[in-house]
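In what follows, a structure is listed as structure tokens, so that the remarks can point back to it.
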Amino acid sequence: MIDEFVTVEKPQWCPGCGNYGILTAIRRAFDELGLKPHNTVVVSGIGCGSKIPHYIRTYGYEGIHGRIIPLAEGIKLANPALTVVGIGGDGDGFSEGGNHFLHAGRKNTNITYIVQDNQIYGLTTGQASPTTHKGVKTKTTPDGAFLREFRPIPTALIGGATFVAATFAGDVNHMVKVMKDAISHKGFAFIDVYQPCVSWNKLNTYAWWKQRIYDLEKEGHDPTNFEKAMEKALEPYRTNWEKVPIGIFYKEERQTLEDVLVKGIPVNESLEVDVSSDLRELM
Amino acid sequence: MDLTIKIGGAAGQGVFVLGRTIGRLFARTGFYTFGYPEYPSLIRGGHNSYQVVVSNKKVETPLSFNSVVIALNKQAVKFHAPYISQNGILIVDESAGDVNVREDIKVVKVPTSKIINESKGSPKMANIALTGAMLPLFDFDLTILNQIIKDEFSRKGEEVVKVNQLVAKNAYEYVKEHYPNVKIELPEPVAKLKAYTSGNEAFGLGAIKGGLKFYAAYPMTPASSVLHYLVSKAKKHNLIVVQAEDEIAAANMAVGAGFAGLRSMTGTSGGGFALMTETVGMAALAETPVVFFIAQRTGPSTGMPTWTEQADLWQILGASQGEFLRIILAPGNAEQAFYLAGEALNLAEEYQLPVFVLSDKFLSESHYSMEKVESPGIRRGKIVKEGLKPLEKGERFKRYEDVEDGISPRTLPGTPNGEHVATSYEHLEDSFTTEDFKERVKQVEKRLRKLKKLKEIAFEPDVYGEGDISLVVWGSHLGPALKAKEILANKGINVKVIHFTWLYPLSKEKVENVLTDKNIIIENNRTGLFERLVRAETGITFTASIRKSNGRPLFPEQIAKAVETIVNGEFKEKEFIIKEEEFEPYEFYAPWRYE
Ligand SMILES: Cc1ncc(C[n+]2csc(CCOP(=O)(O)OP(=O)(O)O)c2C)c(N)n1
Ligand code: SF4
């Protein structure tokens, strides 16, 4: 029942914010996957979107800015029986938390990481983010953003993420589908959600995205082909955002961090340990 | 009676392996043994040394004289031979060439290459040869060394064990035959010792005994060997040990694991801890249990990475914005490191806050013979797993319930009806974020109420001996202070030693209980960091202080001399800073300048 995942707290985002759609999609994805609130952990950071754990009645950790991935990894390693979903903004994930994003694919912990990518810093009232498009005027780029955009999907691919997808906050059904696939995937699953910020990002509006996005699946993209995935991932940059593919770019099964480091369910293990032979070794 | 053996050689010559082998040999024989390594921050080149201190009384400090020096090269002769005590012995590898040394010591030259060749061994076995060569001087036989060789090498095969044992035997016989009269007197062995271990290994093993299941870290001297040790034990004890991409990740992983219900820890040195700072406050506000192990080195910044100091106390006290409770512990030897590792895990879970264990290079990398192996048992605090009342629609568990002792019941993910959000924002009892002033104050007061109990359970400082004058130390400097006490007693100055392992939060009453009229505080830093903390927390001031910050620990002889000066000057001198004039003679050799 989707009600299971609703809390008494009402979201406080600006009317029209893309996060409403994202919240609906997450609740639906959890519900359709049959997840149980007590076995699910939503981990966030700091940003507008990161308030989301308070609106989903599961366990949650609302951490600090930029540290969603390691926090989620620690939780998952400690109890692999949990479904762990990290979610936060583009500033949080690509700027402050860039090093973790870079390494998450290598580690390939079985977690899902959703970025509410609104190409702006929402909570801090409209500074440029790593994904702000060139030329966009923000509080910190009054003459227009002048740095090359950070490229989340190519970076995730190079970083070794074993599930890489994009989706659009204006299309709940598409989000639900991608999220369900990502959560069901065994390994580090990254979803870049193109999310309109109605207050601070006047360029990348719902209408703007709708004109440009197309579904990879409908094009017959083969998500097991890394080279093709990279080609598609680069398309927005090569076409100057004329063509923006969404859907699953790439998917691969690879050894996870838990496969190597974790036996069983560590939290259920006895803490009584005999160290007498270790002590003898030290003598 | 104390006896010291100094081993010196170039980095890469295996000084530490040799030192540790000799240390183990004495510890297994039944002597209290201490091992003190020194090395510059270079991988190749540079001079390494290791002092083994042996006694029939507990000893946990380096000493400023050498009964025996084992020199692996010429440089070692030059550095250490001048500080051999009268009638002491220099054992030197023949390859060091003609060593022109003092008349008042005996020289034992060992043709290690020749011995190794004749035994069909490899050049790597020079260490074993020199250990074998040392045995006749103490009238030891080969039994224990043969056993150590077996323990060390049997995984490499029977043949390797045999060859090593033969090398040891041939070197042993060589010295027996050529230097039958070179002897050093040893007292009777006295103790039954359980391990010869570094502070870091003892800490790691104590943590395992204490139920540690998760350790994430990024390498940094001198904390790295905890990571290495735990990795080596991960399979056996089902530990999750992660080398993270950076310290921020390590700290957040540890907090995540703590939230999910594992006993969890991260470890680093001051520089790495600077990066973890923000995470400390998160754990504090979200009330997630986590332990930080911090091994200090000589700062600030990169400083002198392989040397020691007690200068990061205020960094830890002040780490992260806002006001919150934390506990800081500082073990004084391997036994205490073992015990406090488990206790830190207990306190973190019981009080749901960050706990720090403060070590330094001196404690972390020195070797101690452990006599007692005590662990505090496992206490997990208020984890609720059953009997939770079903939640209404949309309702969440009151994770931050405003309870009397300030410690709210905690549920772990996986527990039905315990759903809540651990949050870095100020929050309501049911974990929703809030900016309501009344609720804010309620949570501030709730968290702060833990302090009352913490002051009750704070360990009283340990007191060693009696006297009107107290030498006050914390953490790693227990051993040097106890030896200084002994030296002073021989000069007719009776002091007691007061050792703090619980640094924060302090209970004024407990500190007052142990202090005397005249208190001299001894710290391995330049500005008296713990002295200032005690004053700030309790209003207590000290009569005088002794400090040192050249990168080495305070040596007992140095402490004794400084105390003598202060006492004889009737405490007119308030701040005794150990500078070049007070250095022990052997502090003048410069291991970083290798010729
Ligand atoms: C260490 C740290 N630095 C800066 C901030 C201030 N801060 C909060 S949210 C944020 C950026 C918000 O942008 P984004 O992550 O994209 O999320 P959004 O609000 O757009 O959802 C910043 C800079 C902080 N909370 N912590
Ligand atoms: S500022 Fe932007 S991202 Fe934040 S709530 Fe408003 S619309 Fe959403």
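Restricted to strands (runs of 3 or more DSSP E) entirely inside the stretch B:391-506, those with at least 1 residues that are among the charged types (D, E, K, R) are B:462-464, B:495-500.
When restricted to residues that are touching a residue at least 60 places away in the same chain (Cβ under 8 Å), part of a loop (DSSP other than H, G, I, E, B) and open to solvent by 20 Å² or more (accessible area, probe 1.4 Å), the stretch A:115-149 contains 4.
Pairs linking a residue in the stretch B:385-407 that is without any contact (Cβ under 8 Å) to a residue 60 or more places away in the chain and within 14 Å of chain A (Cβ to nearest Cβ) to a residue that is open to solvent by 70 Å² or more (accessible area, probe 1.4 Å) and of a type in the set (A, V, I, L, M), with Cβ atoms under 6 Å and 6 or more positions apart or on different chains, are B:G394/A:V8.
Considered as a group, the residues in the stretch A:24-60 that are closer than 18 Å to A:A78 by Cβ and touching a Phe, Trp or Tyr at 6+ places or on another chain (Cβ under 6 Å) include one that is nearest to ligand 2 (Cβ to nearest atom), and that residue is A:V43.
Only one of the listed residues (A:D143, A:D117, A:D171) is within 14 Å of ligand 2 (Cβ to nearest atom) and either at pLDDT 95 or above or at positive phi (or both). That residue is A:D117.
Does the stretch B:148-158 include one or more residues that are surrounded by 17 or more Cβ atoms within 10 Å (Cβ to Cβ) and assigned to a loop (DSSP other than H, G, I, E, B)? No, the stretch B:148-158 contains no residue that is surrounded by 17 or more Cβ atoms within 10 Å (Cβ to Cβ) and assigned to a loop (DSSP other than H, G, I, E, B). Any chance the stretch B:234-249 includes a residue that's within 23 Å of B:L358 (Cβ to Cβ), open to solvent by less than 20 Å² (accessible area, probe 1.4 Å), in contact (Cβ under 8 Å) with a residue 40 or more places away in the chain and touching a helix residue (DSSP H, G or I) at 6+ places or on another chain (Cβ under 7 Å)? No. From the list A:I191, A:I213, the lone residue that is within 24 Å of A:T256 (Cα to Cα), modelled with pLDDT of 95 or more and of a type in the set (A, V, I, L, M) is A:I191. Being surrounded by 15 or more Cβ atoms within 10 Å (Cβ to Cβ) and within 14 Å of chain B (Cβ to nearest Cβ) is a condition met by no residue of the stretch A:199-215.
Restricting attention to the stretch B:123-140, the residues that are touching a helix residue (DSSP H, G or I) at 6+ places or on another chain (Cβ under 7 Å) and either open to solvent by 60 Å² or more (accessible area, probe 1.4 Å) or over 25 Å from B:L3 (Cβ atoms) (or both) add up to 2. Of all the numbered requirements in (1) open to solvent by less than 10 Å² (accessible area, probe 1.4 Å); (2) more than 16 Å from ligand 1 (Cβ to nearest atom); (3) out of contact with any His (no Cβ under 8 Å at 6 or more places or on another chain), A:N39 misses one, and that requirement is (1).
For the stretch B:507-542, a tally of residues being open to solvent by 40 Å² or more (accessible area, probe 1.4 Å) and either assigned to a strand (DSSP E or B) or among the hydrophobic types (A, V, I, L, M, F, W, C) (or both) returns 2. Inclusion of B:S269 among residues that are on the phi > 0 side of the Ramachandran plot and either out of contact with any Leu (no Cβ under 8 Å at 6 or more places or on another chain) or buried (at least 24 other Cβ atoms within 10 Å of the Cβ) (or both) is not warranted. Scanning the stretch A:6-25 for residues that are within 14 Å of chain B (Cβ to nearest Cβ) and not hydrophobic (A, V, I, L, M, F, W, C) returns A:T7, A:E9, A:K10, A:P11, A:Q12.
For A:T58, the stated conditions hold: it is open to solvent by less than 10 Å² (accessible area, probe 1.4 Å), within 8 Å of chain B (Cβ to nearest Cβ) and touching a residue at least 40 places away in the same chain (Cβ under 8 Å). Selection over the stretch B:227-260 of residues that are under 13 Å from B:L212 (Cβ atoms), facing another protein chain (nearest Cβ under 7 Å) and outside any strand (DSSP E or B) gives a count of 5.
The values are calculated or read from the model by the stated rules, or taken from the named source; none is laboratory data. Model, not experiment: these values are computed from the prediction. Note that we place each Cβ from the backbone using ideal geometry, even for glycine, and neighbour counts take in every protein chain shown. Ligands, DNA and RNA are excluded from the accessible area calculation, which covers all protein heavy atoms including side chains. Shrake-Rupley method; radii C 1.70, N 1.55, O 1.52, S 1.80 Å.
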